[in-house]
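For reference, the structure is listed below as structure tokens.
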2 protein chains.
Amino acid sequence: MNQYNNHFIESLNLDKCNSCPVSTISFCTILDEHGLEEFSAMSTTKIYSDSELIFTEGKVNQYVGSIIEGIVKIYKLLDDGRQQIVSLAFPGDLLGNIIDPEYSYFAEAIGQCKICFYQVSRINNFAESNPLIYRSILTKTNEQLSDARDWLLLLGRKSAKEKIASFLLLLADRNNAKSTQPRFKIPLKRQEIADFLGLTIETVSRNFSNFKNQQIIREQVGHMVTIVDFNLLKSIS
Amino acid sequence: MNQYNNHFIESLNLDKCNSCPVSTISFCTILDEHGLEEFSAMSTTKIYSDSELIFTEGKVNQYVGSIIEGIVKIYKLLDDGRQQIVSLAFPGDLLGNIIDPEYSYFAEAIGQCKICFYQVSRINNFAESNPLIYRSILTKTNEQLSDARDWLLLLGRKSAKEKIASFLLLLADRNNAKSTQPRFKIPLKRQEIADFLGLTIETVSRNFSNFKNQQIIREQVGHMVTIVDFNLLKSIS
DNA sequence: TGTCTAATTTGACTAAAATCAAACTTAGCT
DNA sequence: AGCTAAGTTTGATTTTAGTCAAATTAGACA
């Protein structure tokens, strides 16, 4: 009876991971079936609605999350309210880290998000017997560092026009848009784009208008955008 | 005879680490004596003179390094030559990573540098029996990510004046200057400061002049600087 | 110490993006 | 469908930092 019960729970957990849409790209993908069994039992899935705060700067770092669905913006604030988005996290991306004592940024859901959480302390315990999880987290962290450094180049050295072009290409890439005229939804409001690119909302709007006038992009209702001249956008970026 | 010989070699390697000035802050600090013995045998120390290239973007990622002495600038370039320094690496900092197939930036010595190198492939092999090295590298990578994100906020949202103030405080911090009027050498040329802060050399120069005129800092020959009004500089940043 | 070059500073002017303000559009709600 | 608030666009103007040019200073080396 107890035996059956245990088996039932474990298989439930594994089912959860087996049916997980990011199981092949999340940091847990490195685990074998045995590790995953133990690991999945530690996870809690939570759904956030648009604009809900996930992490708050300065709070104790208790959880890391793996994004299952949706997009999360990671941002920092100056005292006077100026905001800079330092990362956009997509499905499969890791939220937070297992090292720092506190969160050093805010994380907020853009649209509805589904996130799989783990307690930092439990991951660290788990890693004692499954140290490969460190390599997996390192791989994700390394990607984030690489992205952050690309963005440093953009913020420090690119013009507004180049920034907008780079932003559009980033979104096309994250949407795996393979077409020569990729079409996707821009998940950010103009103000958020401005906070991502280190610009003002007016500059963003003007540059979008220019691209539309020059037929480089088309914009439909609901922030759907089509990149008409991909190569031109690439050369601008 | 053979026995003595082995012992001699091993103790030489360990001596090298025992006398290493960054042994308590480098990523190898996590290793116990046994691990260190094996690890130290894999290392090669190299000295670079000012402006020497250490890594080149696009080249195969063969080595990671731990800085023993000196400062290294990590930078990226746009096609037209615009440059952005994405990181300044100090003694104890890790250069490169063990994940990517290629370097994605340039690394260049600022002044004379002493660097302890390891082959990426050998670190990965070593980690199979010493997986804690992953955690140690993760910790260093995580620091770099945190620094990069602080810099994203600076580049995206701070004014030239605020950038210069932040830069001076960063240097004071890296020099462990505990005094109320910290004094240290600015290791970068004006052009490099500009490339670090996303500014032009003229803007950097003008803002330094302003700070000097307002008696917030003093500058002596040889780029030695004294922060006269630390609190004011902090509030500006 | 003097000479030469590189680095830095300063000035005048320009350009890019920010600010301020208003009009217009979209999306959600009753 | 009409109302409302939020979001976006556009225009006029200002500000900041960039550009171009020249003068000055610092550093390396004979």
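The values are calculated or read from the model by the stated rules, or taken from the named source; none is laboratory data. Just so we're clear, the structure is a prediction, and the values are computed from it rather than from any experiment. Backbone-built Cβ (ideal geometry, glycine too); neighbour counts: all protein chains shown. Just so you know, the surface numbers come from the protein's heavy atoms only, side chains and all, with ligands and any DNA or RNA stripped out. Shrake-Rupley method; radii C 1.70, N 1.55, O 1.52, S 1.80 Å.
For this structure, a couple of remarks:
- Yes/no for A:Ser26 being modelled with pLDDT under 95, polar (S, T, N, Q), open to solvent by less than 10 Å² (accessible area, probe 1.4 Å) and under 30 Å from A:Phe167 (Cβ atoms): yes
- Filter pass, A:Leu145 being buried (at least 20 other Cβ atoms within 10 Å of the Cβ), outside any strand (DSSP E or B), outside the structural domain of A:Val228 (by TED's automatic domain parsing) and not small (Gly, Ala, Ser): yes
- Residue pairs whose Cβ atoms lie under 6 Å apart, separated by 6 or more positions or on different chains, with the first residue in segment B:115-138 and open to solvent by less than 60 Å² (accessible area, probe 1.4 Å) and the second among the small types (Gly, Ala, Ser) and part of a strand (DSSP E or B), are B:Ile115/B:Gly65; B:Cys116/B:Ser66; B:Phe117/B:Gly65.
- All conditions in (1) under 23 Å from the mean Cα position of the chain (by Cα); (2) surrounded by 15 or more Cβ atoms within 10 Å (Cβ to Cβ) hold for B:Asn207, with the sole exception of (1).
- Per the conditions (1) modelled with pLDDT of 90 or more; (2) more than 12 Å from the chain's Cα centre (by Cα), the sole criterion not satisfied by A:Lys16 is (1).
- Helices (runs of 4 or more DSSP H) (entirely within segment B:158-237) containing at least 3 residues that are within 11 Å of DNA strand C (Cβ to nearest atom) and away from every other protein chain (no Cβ under 14 Å): B:201-213
- Being within 17 Å of the chain's Cα centre (by Cα), more than 8 Å from chain B (Cβ to nearest Cβ) and touching a residue at least 60 places away in the same chain (Cβ under 8 Å) is not true of A:Ala148.
- Test for A:Glu162: is it more than 29 Å from B:Ser87 (Cβ to Cβ) and open to solvent by 20 Å² or more (accessible area, probe 1.4 Å): no
- Any hit, segment B:85-95, residues being in contact (Cβ under 8 Å) with a residue 24 or more places away in the chain and touching a Leu at 6+ places or on another chain (Cβ under 7 Å): yes
- Within segment A:61-83, the only residue that satisfies the criterion of being of a type in the set (A, V, I, L, M) and open to solvent by 50 Å² or more (accessible area, probe 1.4 Å) is A:Leu77.
- Test: residue in segment A:132-141 that is aromatic (Phe, Trp, Tyr) and more than 9 Å from chain B (Cβ to nearest Cβ): no
The rows are residues; the columns are (1) more than 12 Å from DNA strand D (Cβ to nearest atom); (2) of a type in the set (D, E, K, R); (3) farther than 23 Å from B:Leu197 by Cα.
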position: A:Ala148; (1), (2), (3): yes, no, no
position: A:Leu155; (1), (2), (3): no, no, no
position: A:Lys161; (1), (2), (3): yes, yes, no
position: A:Ile164; (1), (2), (3): no, no, no
position: A:Leu169; (1), (2), (3): yes, no, yes
position: A:Pro187; (1), (2), (3): no, no, yes
position: A:Thr200; (1), (2), (3): no, no, no
position: A:Asn210; (1), (2), (3): no, no, yes
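- Taken together, the criteria exclude B:Ala127 from residues that are of a type in the set (Gly, Ala, Ser) and within 14 Å of DNA strand C (Cβ to nearest atom).
- Of all the residues in segment A:212-226, those that are touching a residue at least 40 places away in the same chain (Cβ under 8 Å), more than 29 Å from B:Gly198 (Cα to Cα) and surrounded by 14 or more Cβ atoms within 10 Å (Cβ to Cβ) number 2.
- A:Val204 meets all of the listed conditions (1) in contact with a helix residue (DSSP H, G or I) (Cβ under 7 Å, 6 or more places away or on another chain); (2) within 12 Å of DNA strand D (Cβ to nearest atom); (3) closer than 19 Å to A:Ala109 by Cα but one, namely (3).
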